[in-house]
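Read the structure below first, then the notes.
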Amino acid sequence: MKAVFDGSSVRCGKEGVVLYEQGGYGRRDKEGLRLAPHEALYLLHRGRIVVEGYDFDSLLSAFTDKANVLRSFLVYRDIRERGYAVQTGPHDFRVFRRGQRPGKGESLYLVRVVSERDPIRFRDLIKEVTTAHNLRKLYILAAVDDEDELTYYEIKLQLLPEIGEMPRYPHISGVPAGKSVMVKIPAGSAFEESWLGSRLDDSRTLFSPLETFYLTQEGILSVTDGPVTMADEDIIMRAGEGDSEFAHKAAVYTDLRRLGYIPKTGYKFGHHFRVYSTQKVHSGMLVHAVGQDSELPMSTISRSVRLAHSVKKKMLFGAVHSSGIQYIEFARIKL
């Protein structure tokens, strides 16, 4: 089928409408069919169209003013060859259920194309995933690495259910021990049952900076420094001193505790927390705290997801904002 390049897109005449009707390619208009760059490149590559004056290489070069056209073509081709019909928007691609196409079916996925070097801005990501959810679609990140290989990630906004009430803790008083607080507590206390603190010996327990923050916020812990009882603000300031991520970690830690989960350090996994839903031997989630305006390279997120998968855990990022914590789950999938 013959087509022409008009400087911004490739156009087919009236006869091109069959491409739309049979495979959902392009957008129909009064002159026939308009193909987006990735659609034209795919059809030309497959020998379905002939573009006057251009082969695949020269047409790709002609589209160099279009941002990331090669990356979009690679993802578009991969999804098409998996048996899906694909159209542009409202993110990068709208992917239909297998066997369905525009006008005769509904889309299943909304796909955003990124490179391994692209920053993922959590504020923007939350908005896009929310839009997909409101449209009853699954939100997919299609990541293209530096060797042009593709990985797909399904992104979900998780509303963690409340799984238990906060235990009743007695009021305790301790003394500073570096950034931690040391408290004399007998073995078998409610704190030990909730996995709060670490035993120093048979009569003493150390509470980490995050545990100190949480217990102080809940009005459970007071700290004396010599003859002086420290103000809560001073206790919290001491706990977070020198830790630029402390505010975000503390907000997520407190939220998880209030929901009934047991967050413990995720240092060995390269993240802030490993999270238990009950007192099990193995945790079910890795959680990393970020600000709503934070961003991370896609390559960093990819490593996080792969590690979580290798140890059979879910990978969540807890984005802190004014109205609470938004948990975002990243999971590798095969389309």
Being under 39 Å from the mean Cα position of the chain (by Cα) and either among the acidic types (Asp, Glu) or not assigned by TED's automatic domain parsing to the domain that holds Gln100 (or both) is the filter here; which residues of the range 7-42 pass it? Glu21, Asp29, Glu39
Lone unmet requirement of (1) modelled with pLDDT of 90 or more; (2) among the charged types (D, E, K, R); (3) closer than 23 Å to Thr278 by Cα for Arg168: (1)
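Kindly establish whether Phe122 is of a type in the set (Phe, Trp, Tyr) and within 22 Å of Ala289 (Cβ to Cβ). Working first, answer last.
Numbers: of a type in the set (Phe, Trp, Tyr): yes; within 22 Å of Ala289 (Cβ to Cβ): yes.
Taking the combined requirement at face value, the residue satisfies it.
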Qualifying positions in the range 223-237 - in a helix (DSSP H, G or I) and of a type in the set (Val, Ile, Thr): Ile235, Ile236
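Return a yes/no flag: does the range 27-34 have any residue that is of a type in the set (A, V, I, L, M) and modelled with pLDDT under 95.
Yes, that holds for at least one residue.
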Considering only residues that are assigned to a loop (DSSP other than H, G, I, E, B) and not small (Gly, Ala, Ser), look in the range 238-264 and name the one that is surrounded by the most Cβ atoms within 10 Å (Cβ to Cβ). Tyr261
Conditions first: (1) touching a Phe, Trp or Tyr at 6+ places or on another chain (Cβ under 9 Å); (2) over 20 Å from Tyr267 (Cβ atoms); (3) among the polar types (S, T, N, Q). Ser198 passes all but one, so which condition is the exception? (2)
Taking Ala143, is it crowded, with 17+ Cβ neighbours inside 10 Å and in a strand (DSSP E or B)? yes
Hey, can you tell me all the residues within the range 40-76 that are touching a residue at least 24 places away in the same chain (Cβ under 8 Å), out of contact with any strand residue (DSSP E or B) (no Cβ under 8 Å at 6 or more places or on another chain) and among the charged types (D, E, K, R)? Arg48, Lys66
Can you tell me which condition Gln22 does not meet? The list is (1) modelled with pLDDT of 90 or more; (2) among the polar types (S, T, N, Q); (3) over 19 Å from Thr151 (Cα atoms), and all the others hold. (1)
Check off (1) more than 17 Å from Leu160 (Cα to Cα); (2) crowded, with 16+ Cβ neighbours inside 10 Å; (3) at pLDDT 90 or above; (4) in contact with a Lys or Arg (Cβ under 6 Å, 6 or more places away or on another chain) for Gln292 and give me the number that stays unchecked. (3)
Only one residue in Ile185, Ile235, Ile172 is under 24 Å from Tyr261 (Cβ atoms), without any contact (Cβ under 8 Å) to a residue 24 or more places away in the chain, touching a helix residue (DSSP H, G or I) at 6+ places or on another chain (Cβ under 8 Å) and surrounded by 13 or more Cβ atoms within 10 Å (Cβ to Cβ), so which one is that? Ile185
Within the range 194-213, the residues that are over 14 Å from Ser173 (Cα atoms) and part of a helix (DSSP H, G or I) are Pro209, Leu210
Can you find a residue in the range 315-331 that is touching a residue at least 12 places away in the same chain (Cβ under 8 Å), surrounded by 14 or more Cβ atoms within 10 Å (Cβ to Cβ), over 26 Å from Tyr109 (Cα atoms) and not assigned by TED's automatic domain parsing to the domain that holds Val113? yes
Residues satisfying the stated conditions in the range 265-276, i.e. assigned to a loop (DSSP other than H, G, I, E, B) and surrounded by fewer than 15 Cβ atoms within 10 Å (Cβ to Cβ): Gly270
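The values are calculated or read from the model by the stated rules, or taken from the named source; none is laboratory data. The structure presented is a predicted model; accordingly, all values stated were derived computationally and were not measured. Cβ coordinates were reconstructed from backbone atoms using ideal geometry, including for glycine residues, and neighbour counts include every protein chain displayed.
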